[in-house]
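Okay, structure first, notes after.
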Amino acid sequence: MTERIEGHGGELALAALRAYGVREMFTLSGGHVFPLYDAAHKTGFPLYDVRHEQSAVFAAEAVAKLQRRPGLAVLTAGPGVTNGISGLTSAYFNASPVLVLGGRAPQFRWGSGSLQEMDHLPLVAPVTKHAETVFSPDDIPRAVTAALTTALTPHRGPVFLDFPLEAVFSVSDAELPALPGIAPVEPDHAEVTKAAGLIAAASRPVIIAGSDVYAGDAVDALRAAAESLQVPVFTNGMGRGALPPEHPLAFAKARRVALRGADVVVVIGTPLDFRLSFGDFGDAQVVHVVDAPSQRAAHVQPAAAPAGDLQLILTALADHPGDRADHTDWIAELRTAEDAAKARDAEEMSAETDPIRPARVYGELRKVLARDAITIGDGGDFVSYAGRYLEPAQPGTWLDPGPYGCLGTGMGYAMGARVSHPDRQICVLMGDGAAGFSLMDVESLARQKLPVVIVVGNNGIWGLEKHPMRAMYGYDVAADLQPELRYDNVVSALGGAGETVAKAGDLGPALRRAFDSGVPYLVNVLTDPADAYPRSSNLA
């Protein structure tokens, strides 16, 4: 059932946004989008502003990822939109349902050289599911509703709308469309049956579950399938925590052993990209389970490739009526490898070295992070260690840049996480290189009373570049940062607090102070520049 509403373009847009469950706006102030602010202000719609537009889009993406609903960023025309394109691109690679609303120079004098006049659509179209200019205020509710429907339809992803100045400032009487239902994508049941048979008959099957399992609300179905078929499970991205670490089928440390020995590798809800050897697992057969036909890999020919609603597919796998091979010995073999790796990791995480090794940072973090803490990775070398040493206990608690690998997500993700979960620990794990992209937005967090903990691994170099370049050429360039830079003083100057830690024994007390502080707090850990993580990280 539809209804008619009256108001300026900002009010019309906000009515459609509210109807679709959007509950907050992230932005950096710009005159082209004032009506959207006016609509928010007059109705008590929460508005959070940042110091760089990329942070607004990253904040919206964190909301979209964590809450599995649309996130909203509002960017002014021209440079406002172009500054947000890295965030849009990350959302595109991460299949995050983000809506970016952009301002736009007036259409009635287009081509005359208005302030920040440019056509955004050719720039954003390649990294969005839908991009459109809405020229009439009457059409704004329709366009917003359609864009959000597209964003939430698997395979999910970002969408973009911009409004010429006269459209968003004008008053109109417009129809607010009824929300269309998003029907689940029905999988090909023959392909599902084929996949189930391969998994059940395998001697050494392995499941790797990724972000779309969480985004598609299929975590319970994944557990049911794994338990029914008795298959060990590894995870990446927001699939991390889908099985808690104590689950008998949950594995994290034995992935290399598992993939070398497996005869069937089942990859669910994540692409066969560089993080998974591009789908090349030797002699193992590959089953690739995706949430839409568009996500089937074109560079690999899987033995089976069910595409559709992940809940439906995984439930069908769990209900497979055929015989099952006994995987007891295979699971025991992997558990032995897992336990041995955990013992090695425990030694590394307790190492008393000077300077501090990154592993020790994560050893101390494991002691203070709650099971429902949100951990955010923004970095290369330092954050690679997080993928190895941190084991999320619950799904929907891990945020990283994803396969696009864009640095600068940290403060935006932190803002979106804090807004999403006001009562949880929010911890940003940041390399000192990544700190240069977004640390100024600590001011936004402090001003809007959004406390988070930031742990910087400060080794004074671009670790993933310096060591490989020296190995290749015998020298390195453009790979050094200021050693022992006081990032904690930067945060203090911006309204937060912090401290520098140079001794391993001081890490625990510093982290406890950080989580007790109630403000944005940065723990600046001076780590060993010689200790670099190998490129074959399982971070994802």
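The values are calculated or read from the model by the stated rules, or taken from the named source; none is laboratory data. Since we're looking at a predicted model, the values are computed, not measured. Heads up, the Cβs are rebuilt from the backbone with ideal geometry, glycines too, and the neighbour counts pull from every protein chain shown. Surface accessibility is based on the protein's heavy atoms, side chains included, excluding ligands, DNA and RNA. Shrake-Rupley method; radii C 1.70, N 1.55, O 1.52, S 1.80 Å.
Of Lys342/Lys503; Lys65/Lys466; Lys194/Lys342; Lys65/Lys503; Lys65/Lys342, which sit over 27 Å apart, Cα to Cα? Before the final figure, lay out the partial values.
Numbers: Lys342/Lys503 24 Å; Lys65/Lys466 32 Å; Lys194/Lys342 36 Å; Lys65/Lys503 36 Å; Lys65/Lys342 29 Å.
Over 27 Å Cα-Cα: Lys65/Lys466; Lys194/Lys342; Lys65/Lys503; Lys65/Lys342.
From the Kirkwood radius over Cα pairs of segment 476-537, Stokes-Einstein at 20 °C and 1.002 mPa s returns a whole-number translational diffusion coefficient of 161 µm²/s.
Solvent-free Debye calculation, one equal scatterer per alpha-carbon of segment 308-465: log10 I(q)/I(0) at 0.11, 0.13, 0.20 Å⁻¹ equals -0.58, -0.75, -1.26.
The slack in the chain from Tyr404 to Lys342, taken as 0.36 nm per residue of separation less the alpha-carbon distance, amounts to 19.4 nm. Could you list the residues of segment 272-288 with an amide nitrogen less than 19 Å from a label point located 7 Å from the Cα of Arg256 in the Cα-to-C-beta direction? It comes to 274-284, nothing else. Here Glu484 and Arg512 are evaluated by their C-beta separation; at R0 = 22 Å the FRET efficiency comes out at 0.45.
Could you tell me what percent of the DSSP beta bridges with both partners in segment 390-539 are antiparallel, to the nearest 5?
Working: 1 of 17 bridges.
Close to 5 percent.
Quick one: compute the contact order of segment 359-506, relative version, from alpha carbon pairs under 8 angstrom and 6+ residues apart, as a percent. Walk me through the numbers before you get to the answer.
Values: 219 pairs, mean separation 32.7, N = 148.
Dividing the mean separation by the residue count of segment 359-506 yields 22 percent.
Distance between the 7 Å Cα→Cβ label points at Glu117 and Asp273: 3.8 nm. Computed over all pairs of different Cα atoms, the Kirkwood value for the hydrodynamic radius of the chain is 24.3 Å.
Taking every protein chain into account, the accessible area of the chain amounts to 38 square angstrom per residue (probe 1.4 Å).
Each residue of segment 457-464 was assigned a 3J(HN,Hα) from its phi angle through the Karplus curve 6.51 cos²θ - 1.76 cosθ + 1.60 (θ = phi - 60°); the sequence is x, 9, 10, x, 9, 8, x, 6 Hz, with glycine and proline shown as x. Every Cα-Cα pair in segment 233-320 was counted, and those over 16 Å apart are 57% of them. Residues within the reach of a label modelled at Asp138 (point 7 angstrom out along Cα to beta-carbon, backbone nitrogen below 15 Å), restricted to segment 7-33, are 7, 9.
Suppose R0 equals 45 Å; then what is the FRET efficiency for Asp323 and Thr2 from their Cβ-Cβ distance, rounded to the nearest 0.05?
Values: r = 53 Å, r/R0 = 1.19.
That gives a FRET efficiency of 0.25.
Inter-label distance, Arg109 to Met472: 5.0 nm, where each label sits 7 Å from its Cα along the C-beta direction.
For segment 89-231, what D do you get in µm² per second when you plug the Kirkwood radius from alpha-carbon pairs into Stokes-Einstein at 4 °C and 1.567 mPa s? Intermediate values should be presented prior to the final figure.
On the way: Rh = 18.5 Å.
Reported coefficient: 70 µm²/s.
Here the chain has 52 percent of its accessible surface on carbon and sulfur atoms, given a 1.4 Å probe and all protein chains in place.
3J(HN,Hα) along segment 38-46: 4, 4, 5, 4, 6, 10, x, 7, x Hz, from the Karplus curve 6.51 cos²θ - 1.76 cosθ + 1.60 with θ = phi - 60°, whole Hz, x for Gly and Pro.
How do the peptides 94-102, 401-409, 357-365 rank, highest first, by the average count of neighbouring beta carbon atoms within 10 Å per residue? Walk me through the numbers on the way to the answer.
Details: 94-102: 28.4, 401-409: 21.2, 357-365: 23.6.
Final packing ranking: 94-102, 357-365, 401-409.
Here the average projected area of the convex hull drawn through the C-alpha atoms of segment 190-269 stands at 5.0 nm². As a length-normalised measure over Cα pairs under 8 Å and 6 or more apart, the relative contact order of segment 164-239 settles at 31 percent.
How high is the relative contact order of segment 93-199? Use alpha-carbon pairs under 8 Å, at least six apart in sequence, and give a whole percent. If you can, show how the numbers build up before the last one.
Details: 147 pairs, mean separation 37.3, N = 107.
Over segment 93-199, the number comes to 35 percent.
Peptide packing: for 218-225, 447-454, 432-439, the average count of neighbouring Cβ atoms within 10 Å per residue gives the ranking 432-439, 218-225, 447-454, highest mean first. Amide hydrogen proximity for Val264: with H placed 1.01 Å from N in the peptide plane, the residues at 5 or more positions away or on another chain lying under 5 Å are Arg204, Val206, Gln285.
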